[in-house]
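Encoded as structure tokens, the structure appears first; notes follow it.
The values are calculated or read from the model by the stated rules, or taken from the named source; none is laboratory data. Note that the structure is a prediction, hence the values are computed from the model and not measured. Please note: Cβ atoms are built from the backbone with ideal geometry, for glycine as well, and neighbour counts cover all protein chains shown. With ligands, DNA and RNA removed, areas are computed over all heavy atoms of the protein, side chains included. Shrake-Rupley method; radii C 1.70, N 1.55, O 1.52, S 1.80 Å.
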Amino acid sequence: MLLPTLGALGCWELATGILLLLGLAAAALGQRPHGRQGILPICALAGTVVLLMTTTGPTTVWRHSAIGAGRGELPATPAGAAANAAARRRQLVWQTDGVESSVALVASTGLAFVVNGKVDGGFQVDAATQMMGGLVGAALHPAPRRALVIGLGTGETAGWLADAPGIEHVDVVELEPAILEVARRGAAINRDVLHNPKVSIHIGDAREHLLVSSARYDLIFSEPSNPYRAGVSSLFTREFYAAARSRLAPGGLFLQWTQAYEVDGSTLATICATLATAFPSTQAWRLAANDLLLVSSAEPVRIDVAAKSPAPSTRRSSRQRSTSRGGVGGVEGFLAHYVGGQRLADEIAGRARGELNTDDRTLIEFAFARTLGQASGSNEESLRSIATELGDDRPEVVGTIDWDRYMELRAYVDANSRISMPLPETVPPASRARAASRAAYVAGNLGAALAAWRGQAEPPRSDGDRRLLGECLADAGDEAALVEAAALRAHHPVEADLITGTMYARRRQFDQAARAFVAGFTRLRATAMVDVSMVQRGLRAARQVGIAAPLEAPRLVDVLLEPFSLYAAESTRVAALLPIADAAGDATLAKALETIEPDVPRSLPLLARRVALYRLLRHPRLAAAEEDLRVSLEEQPQPLMRDISDMKAADERTPDERPRGSR
């Protein structure tokens, strides 16, 4: 009752205050026979406690970062600590303390939600996992009608699954009521899941729902948080899987997400072996880098390409999930995410040596904790290699597909996972060239990607390849990029504008470049489905335009003053905004700084420029700006100016007295 009302900090303060009063009362009663002398030290200690309660207390740095997982390195210097705290505060969008968890929304690459200090999902960067997790099941099932999603999260899984062909109803079980606000704020990308009449959200425990519900489901998708977190491993136990199977309709599929990072092979083996106690058949699929989907069922799953192509269920997602840095569609593009089937599952489960994750012995909770924060090698690459050795790396399909294209697009999925597997010798040279081009594009090497693409003659066959070719041509300043931009504009107008702007920027046609960038960034305020990596590159190109052509800077600043939809590429937006505003002049820079005050990036040149600007404008934040600069200057090994008084003295010199080239 108190946590949602007072928040965690308020509850801690209340508990401390109650203990303090009880302690003072007990001390007074205990010291009564001895007079006042014995109680004075206790009162002094109580006063110290009261003073400590007036301090800042745990902030965003502690409450909404991965310090508890060993990923939050604390800076060793005051300036470093101040910079880290400022960055964390700048990224914090919203926070609350719910019944079960502390929940926050943070923005860096894009908007993500944090539960008890752990990022559990990004709206854009994790969209491939969260959208496709349910849609893979909808594509594999012959006629899905009813589905259960365990965990609401960003709402993307339930929202997109409800929109899949044939789906009539989706139940969602969510433990923490505060997560509903997370999903509400993600309406632009989760298809407004909270207002979808097909979706019913139940606040409660998923295991209880499975045990007491009489509903039968064609699909059950379980994507809890990481199993090392307290209680989460109970959604990976033999008893949970038995309960899930009891709620599946005939032919139903159980879909289990699991991480492939920071986990050793024996732990994955235990998960597979535990699944096998309830489900005789299991396939492994990849969603995004280091995210696996285990598809389990009572009977083997075969894909009837002729009767029902997976493409209809996933085409809309594949076309719009620009977050996958390329996005290849079609039947072959969908099947390229397949890792292995029953032979692979049996081989992996056999390595568990009979160890199962059960309610009484939650082995994987401790196994995941042991490898937390440690590099575990590429489990994806190991699974791919084992499946290939077993001859189990192709899905069983009824009908005909282009297996060369399947191999080619599977290499693209490998590239997204940062693994390199050789293509079979039977794959033709043109397919190899396209695979090499996509791998270079994923790595950010646009020149190499363009060179590899030109090693074959086939034009782009998907929007993902058009985006690749268009951006690579634009980066080279080739006007042929405009052809690809025009082809993309109907479904991806933002990407089309960024390609156009980059091409003109490279040709130093700054007026046209700025016009295209302004159009693209304006659309980004209302467009959530974007390729974040491409937006980041577009922002860097726009920054170069604003600096090289100050006359174009004001209109670029105007469109960059506010965050994009779901805070896409937020850190890069801020990094581009400030130098462009500086090029536009003092008044524009002051306006830009005001949007991020008081948590400006703690770079020394920016802090010095901010002080000089605020002194010129007699800005009310001048004292705070000087203090930020002073802290940073103190840690410089050989500062040019030792303190604020030196800077003031320098500013008071006449222009003739200042060193040549000084601002």
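Pairing residues of segment 571-598 that are under 16 Å from ARG615 (Cα atoms) with residues that are outside any loop (DSSP other than H, G, I, E, B) and of a type in the set (D, E, K, R), at Cβ distances under 6 Å and at least 6 apart in sequence or on separate chains, gives LEU589/ASP582. The residues of segment 327-355 that are open to solvent by 40 Å² or more (accessible area, probe 1.4 Å), on the phi < 0 side of the Ramachandran plot and part of a loop (DSSP other than H, G, I, E, B), listed by number, are ARG351, GLU355.
Residues that are surrounded by fewer than 12 Cβ atoms within 10 Å (Cβ to Cβ) and under 30 Å from SER632 (Cβ atoms) were ranked within segment 37-57; the one that is modelled with the lowest pLDDT is THR56. When you scan segment 240-262, do you find a residue that is within 23 Å of the chain's Cα centre (by Cα), farther than 25 Å from ALA138 by Cβ, open to solvent by 10 Å² or more (accessible area, probe 1.4 Å) and not charged (D, E, K, R), even just one? Yes. Check whether at least one residue in segment 430-453 is part of a loop (DSSP other than H, G, I, E, B), over 26 Å from ARG540 (Cα atoms) and open to solvent by 10 Å² or more (accessible area, probe 1.4 Å), and report yes or no. No, segment 430-453 contains no residue that is part of a loop (DSSP other than H, G, I, E, B), over 26 Å from ARG540 (Cα atoms) and open to solvent by 10 Å² or more (accessible area, probe 1.4 Å). Suppose the filter is acidic (Asp, Glu) and under 21 Å from GLY121 (Cβ atoms); does GLU156 pass it? Spelling it out, GLU156 is indeed acidic (Asp, Glu) and under 21 Å from GLY121 (Cβ atoms).
When the test is whether a residue is crowded, with 17+ Cβ neighbours inside 10 Å and within 26 Å of SER101 (Cα to Cα), VAL136 does not pass it. Of the residues making up segment 510-519, just one is closer than 16 Å to ALA485 by Cβ, open to solvent by less than 60 Å² (accessible area, probe 1.4 Å) and not aliphatic (A, V, I, L, M), namely PHE517. Checking ALA496, ALA487 one by one, the residue that is modelled with pLDDT of 95 or more, more than 13 Å from ALA541 (Cβ to Cβ) and buried (at least 24 other Cβ atoms within 10 Å of the Cβ) is ALA496 and no other. Taken as a whole, the condition of being at pLDDT 95 or above, surrounded by 17 or more Cβ atoms within 10 Å (Cβ to Cβ) and within 16 Å of ALA576 (Cα to Cα) applies to LEU589. Can you pull out the residues in segment 470-484 that are farther than 21 Å from GLY546 by Cβ, in a helix (DSSP H, G or I) and open to solvent by 20 Å² or more (accessible area, probe 1.4 Å)? Result: LEU482, VAL483, GLU484. Of everything in segment 452-493, what is farther than 17 Å from ARG405 by Cα, small (Gly, Ala, Ser) and more than 31 Å from the chain's Cα centre (by Cα)? Give them in sequence order. Within segment 452-493, GLY477, ALA480 meet the criteria.
Residues in segment 359-385 that are closer than 17 Å to ALA242 by Cβ and surrounded by fewer than 17 Cβ atoms within 10 Å (Cβ to Cβ): ASP359, ASP360, ARG361.
Among the residues making up segment 283-303, a single one is among the β-branched types (Val, Ile, Thr) and open to solvent by 10 Å² or more (accessible area, probe 1.4 Å): VAL301.
Yes or no: segment 210-219 includes at least one residue that is closer than 24 Å to GLY341 by Cβ, crowded, with 24+ Cβ neighbours inside 10 Å, modelled with pLDDT of 95 or more and not aromatic (Phe, Trp, Tyr). Yes, that holds for at least one residue.
Please state which one of ALA27, ALA112 is more than 30 Å from LEU593 (Cβ to Cβ) and open to solvent by less than 30 Å² (accessible area, probe 1.4 Å).
That would be ALA27, the only listed residue that is more than 30 Å from LEU593 (Cβ to Cβ) and open to solvent by less than 30 Å² (accessible area, probe 1.4 Å).
Could you say whether any residue in segment 520-529 is open to solvent by 50 Å² or more (accessible area, probe 1.4 Å), closer than 27 Å to ALA443 by Cβ and outside any helix (DSSP H, G or I)? No; the residues of segment 520-529 include none that is open to solvent by 50 Å² or more (accessible area, probe 1.4 Å), closer than 27 Å to ALA443 by Cβ and outside any helix (DSSP H, G or I). The single residue among VAL263, VAL305 that is farther than 20 Å from GLU365 by Cα and at pLDDT below 95 turns out to be VAL305. Counting residues in segment 80-103 that are open to solvent by less than 20 Å² (accessible area, probe 1.4 Å) and under 26 Å from VAL530 (Cβ atoms) gives one or more. Checked against the criterion of being open to solvent by 40 Å² or more (accessible area, probe 1.4 Å), over 30 Å from ASP291 (Cα atoms) and in contact (Cβ under 8 Å) with a residue 24 or more places away in the chain, segment 71-78 has at least one qualifying residue.
Under 7 Å between Cβ atoms, at least 6 apart or on separate chains: pull out the pairs that start in segment 510-536 with a residue that is among the β-branched types (Val, Ile, Thr) and end on any residue that is open to solvent by 30 Å² or more (accessible area, probe 1.4 Å) and assigned to a helix (DSSP H, G or I). Once the first residue is among the β-branched types (Val, Ile, Thr) and sits in segment 510-536, its partners that are open to solvent by 30 Å² or more (accessible area, probe 1.4 Å) and assigned to a helix (DSSP H, G or I) give VAL518/ARG555. For segment 575-584, a residue qualifies if it is out of contact with any Ser or Thr (no Cβ under 7 Å at 6 or more places or on another chain) and either crowded, with 21+ Cβ neighbours inside 10 Å or modelled with pLDDT under 95 (or both), and the qualifying residues are ALA576, LEU577, LEU578, ILE580, ASP582, ALA583, ALA584.
Among the conditions (1) in contact with a Ser or Thr (Cβ under 8 Å, 6 or more places away or on another chain); (2) surrounded by fewer than 23 Cβ atoms within 10 Å (Cβ to Cβ); (3) at pLDDT 95 or above, THR277 misses just one, which is (1).
Which one of PRO620, PRO554, PRO598, PRO550 is within 30 Å of the chain's Cα centre (by Cα) and open to solvent by 40 Å² or more (accessible area, probe 1.4 Å)? Among PRO620, PRO554, PRO598, PRO550, only PRO598 is within 30 Å of the chain's Cα centre (by Cα) and open to solvent by 40 Å² or more (accessible area, probe 1.4 Å).
Scanning segment 138-152 for residues being out of contact with any helix residue (DSSP H, G or I) (no Cβ under 8 Å at 6 or more places or on another chain) and not hydrophobic (A, V, I, L, M, F, W, C) gives a total of 4. Looking only at residues in segment 92-128 that are of a type in the set (Asp, Glu) and in a loop (DSSP other than H, G, I, E, B), the one that is modelled with the lowest pLDDT is GLU100.
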